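Structure first, then comments.
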Amino acid sequence: MNDSPEKVRYSDEELQEFKQLILQKIEVAKQNYDHLVSAMQKDESAPGIKALEDGASTMSKEQASMNAERQMMFIKKLQGALVRIEQGTYGICRVTGKLIPKGRLLAVPHTTLSVEGKEIEATQKPKKRR
């Protein structure tokens, strides 16, 4: 029988490890975002592009715009994770209050839910109507 208390938060050393990972991911995501925005601006400023624009080009711009928006949301989630590290709440599931396994945080460092918490939340949310 294990009498040691259940771990309720990550150590400062572990939090620093997560922080470095998150900072790296933010850097890459910002580079991806800048690349997408730059590509969209080049498309808009290319001479004669308006006359040659067709459905495929429009679709490509829309896709780039959606990807840029997705990247920005990802960056914001990662920045939120940095705030939680500073507040000392990083790695704690917002549904169960338990520590999220380190492996999950390494794979998805911006998560606020353990797998258990995600399953609980999924069963409690009403299904969206189409």
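Within region 98-107, is even one residue part of a helix (DSSP H, G or I), among the charged types (D, E, K, R) and surrounded by fewer than 13 Cβ atoms within 10 Å (Cβ to Cβ)? Within region 98-107 (the criterion being part of a helix (DSSP H, G or I), among the charged types (D, E, K, R) and surrounded by fewer than 13 Cβ atoms within 10 Å (Cβ to Cβ)), the answer is no, since none of the residues qualifies.
For region 4-22, the set of residues classified as surrounded by 15 or more Cβ atoms within 10 Å (Cβ to Cβ) and aliphatic (A, V, I, L, M) consists of 15, 21, 22, listed by residue number.
Evaluate the following for residue 111: is it part of a loop (DSSP other than H, G, I, E, B) and surrounded by fewer than 15 Cβ atoms within 10 Å (Cβ to Cβ)? Spelling it out, it is not the case that residue 111 is part of a loop (DSSP other than H, G, I, E, B) and surrounded by fewer than 15 Cβ atoms within 10 Å (Cβ to Cβ).
Just one of the listed residues (126, 101) is modelled with pLDDT under 95 and of a type outside the set (Asp, Glu), and it is 126. Can you say whether residue 15 is under 13 Å from the mean Cα position of the chain (by Cα), of a type in the set (A, V, I, L, M), under 21 Å from residue 112 (Cα atoms) and at pLDDT 85 or above, as far as the supplied structure shows? In short, no. Looking at region 49-95 only, could you name the residues that are within 30 Å of residue 116 (Cα to Cα), among the charged types (D, E, K, R) and either part of a helix (DSSP H, G or I) or at pLDDT below 95 (or both)? If the condition is that a residue be within 30 Å of residue 116 (Cα to Cα), among the charged types (D, E, K, R) and either part of a helix (DSSP H, G or I) or at pLDDT below 95 (or both), then 69, 70, 76, 77, 84, 86 are the ones that fit. If you go through region 116-130 and keep only what is assigned to a helix (DSSP H, G or I), farther than 28 Å from residue 30 by Cα and not small (Gly, Ala, Ser), you end up with 116, 119, 120, 121, 123, 124.
The values are calculated or read from the model by the stated rules, or taken from the named source; none is laboratory data. Everything numeric in this text was worked out from a predicted model, so none of it was measured. Every residue, glycine among them, receives a Cβ derived from its backbone with ideal geometry; neighbour counts consider all protein chains shown.
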